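J.: Pasting in a structure now, in structure tokens, and then I'll have a few things to ask.
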């Protein structure tokens, strides 16, 4: 079953008299519970595509359905509500809140979008921190832990609302190679455990090889789709 359905999606930006076509009639599907990578050179449109799927931006034309809902024309408020209910994000630069502890960073989305008891939040947050291997860091602030640990916290934060889809834009770019592999394997474990769909972008060919489905994007156009699940 397709969790994401995109049809004839285009996105243009205008700077003065210059029109830039970031995406050109892109069509693709992403199945629920899959581990998908969008690859391509810098400027190919990867981040634009992820932002549109993540309901952070609106297309110039075309259709985007996520979890069965057409999201291309939602209002700002509707987009925010949809992200809170269905999506999680892992960013290249971690984007942890520096004044909050590790525990508070993971708890923050629950406070923002869920109306649960403090006890239920505590059990869920501690359980996720344990699952990603940083429970012993819960009272520290981001500057007190390593980059790999910060990205583990970011993965826990993305998963805490139990989203249908987690979007990760270059999630391993600021990590050394061994730590990057650990983060990718951690996300795969979370996918298998909770049937969460992961969509990420990366330039690292060794990390790309861990993906189940690979879409290659060049000049705003999908050039190929590779299914590695039969390996």
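The values are calculated or read from the model by the stated rules, or taken from the named source; none is laboratory data. All of these numbers come straight from a predicted model, not from anything done at the bench. Cβ placement follows ideal geometry from the backbone for every residue including glycine, while neighbour counts extend to all protein chains displayed.
J.: So, in the stretch 22-39, exactly how many residues are more than 19 Å from residue 224 (Cα to Cα) and either surrounded by 15 or more Cβ atoms within 10 Å (Cβ to Cβ) or without any contact (Cβ under 8 Å) to a residue 40 or more places away in the chain (or both)?
T.: Restricting attention to the stretch 22-39, the residues satisfying the condition of being more than 19 Å from residue 224 (Cα to Cα) are 32-33.
Filter again for either surrounded by 15 or more Cβ atoms within 10 Å (Cβ to Cβ) or without any contact (Cβ under 8 Å) to a residue 40 or more places away in the chain (or both), leaving 33.
Looking only at that region, the number is 1.
J.: Which of the residues spanning the stretch 130-141 are in a helix (DSSP H, G or I) and either surrounded by 14 or more Cβ atoms within 10 Å (Cβ to Cβ) or at pLDDT 95 or above (or both)? Steps first, answer last, please.
T.: Just the residues of the stretch 130-141 that are in a helix (DSSP H, G or I), to begin with: 130-131, 135-137.
Answer for the stretch 130-141, where residues must be in a helix (DSSP H, G or I) and either surrounded by 14 or more Cβ atoms within 10 Å (Cβ to Cβ) or at pLDDT 95 or above (or both): 131, 135, 136, 137.
J.: I would also like to ask the following. Would the stretch 217-226 turn up any residue that is in contact (Cβ under 8 Å) with a residue 40 or more places away in the chain, touching a helix residue (DSSP H, G or I) at 6+ places or on another chain (Cβ under 6 Å) and closer than 21 Å to residue 49 by Cα?
T.: Yes, the conditions are met somewhere in the stretch 217-226.
J.: Sticking with this one: Which one of the conditions (1) farther than 30 Å from residue 148 by Cα; (2) at pLDDT 95 or above; (3) surrounded by 13 or more Cβ atoms within 10 Å (Cβ to Cβ); (4) out of contact with any strand residue (DSSP E or B) (no Cβ under 6 Å at 6 or more places or on another chain) does residue 70 fail to meet, given that it meets all the rest?
T.: (3)
J.: With in contact with a helix residue (DSSP H, G or I) (Cβ under 9 Å, 6 or more places away or on another chain), under 20 Å from residue 50 (Cβ atoms) and assigned to a helix (DSSP H, G or I) as the only criterion, which of 180, 173, 168 stands out?
T.: Values: 173 fails: assigned to a helix (DSSP H, G or I); 168 fails: assigned to a helix (DSSP H, G or I).
Of 180, 173, 168, the one residue that is in contact with a helix residue (DSSP H, G or I) (Cβ under 9 Å, 6 or more places away or on another chain), under 20 Å from residue 50 (Cβ atoms) and assigned to a helix (DSSP H, G or I) is 180.
J.: Moving on to the next point. Out of the residues in the stretch 154-186 that are surrounded by 20 or more Cβ atoms within 10 Å (Cβ to Cβ) and over 14 Å from the mean Cα position of the chain (by Cα), which is farthest from residue 37 (Cα to Cα)?
T.: So, considering only residues that are surrounded by 20 or more Cβ atoms within 10 Å (Cβ to Cβ) and over 14 Å from the mean Cα position of the chain (by Cα), the one farthest from residue 37 (Cα to Cα) is 175.
J.: I'm trying to understand the selection: among the residues of the stretch 191-209, which are modelled with pLDDT of 85 or more and surrounded by 17 or more Cβ atoms within 10 Å (Cβ to Cβ)?
T.: 191, 196, 197, 198, 199, 200, 201, listed by residue number.
J.: Would you check which residues across the stretch 81-110 are touching a helix residue (DSSP H, G or I) at 6+ places or on another chain (Cβ under 6 Å), surrounded by fewer than 17 Cβ atoms within 10 Å (Cβ to Cβ) and under 28 Å from residue 10 (Cα atoms) and list them?
T.: Across the stretch 81-110, the qualifying residue is only 84.
J.: When the stretch 111-129 is examined, which residues are found to be crowded, with 19+ Cβ neighbours inside 10 Å and touching a helix residue (DSSP H, G or I) at 6+ places or on another chain (Cβ under 6 Å)? Steps first, please.
T.: Going through the stretch 111-129, the residues crowded, with 19+ Cβ neighbours inside 10 Å turn out to be 124-125, 128-129.
Within the stretch 111-129, 125, 128, 129 qualify.
J.: Within the bounds of the stretch 59-80, is there any residue that is within 30 Å of residue 130 (Cβ to Cβ) and in contact with a helix residue (DSSP H, G or I) (Cβ under 7 Å, 6 or more places away or on another chain)? Quick ask: steps written out before the conclusion?
T.: In the first step, residues of the stretch 59-80 are kept if they are within 30 Å of residue 130 (Cβ to Cβ); the result is 66-67, 80.
This time we only want the ones that are in contact with a helix residue (DSSP H, G or I) (Cβ under 7 Å, 6 or more places away or on another chain), so: 66-67.
Among the residues of the stretch 59-80, at least one is within 30 Å of residue 130 (Cβ to Cβ) and in contact with a helix residue (DSSP H, G or I) (Cβ under 7 Å, 6 or more places away or on another chain), which makes the answer yes.
J.: Could you check how many residues of the stretch 123-156 are farther than 24 Å from residue 167 by Cα and free of Cβ contacts under 8 Å to residues at least 12 places away in the same chain?
T.: So the answer is 3.
J.: List pairs: first residue in the stretch 163-186 and at positive phi, second residue part of a helix (DSSP H, G or I) and at pLDDT 85 or above anywhere in the structure, Cβ distance under 9 angstrom, at least six positions apart or on different chains.
T.: 170/46; 170/47
J.: So for the stretch 192-213 (the condition being out of contact with any strand residue (DSSP E or B) (no Cβ under 7 Å at 6 or more places or on another chain) and closer than 19 Å to residue 26 by Cα), does at least one residue qualify? Outline the logic, then answer.
T.: First pass over the stretch 192-213, keeping only residues out of contact with any strand residue (DSSP E or B) (no Cβ under 7 Å at 6 or more places or on another chain): 192-195, 203-207, 209-210.
The next check asks that each one be closer than 19 Å to residue 26 by Cα; those that pass are none.
Checked against the condition, which is being out of contact with any strand residue (DSSP E or B) (no Cβ under 7 Å at 6 or more places or on another chain) and closer than 19 Å to residue 26 by Cα, the stretch 192-213 yields no hits at all.
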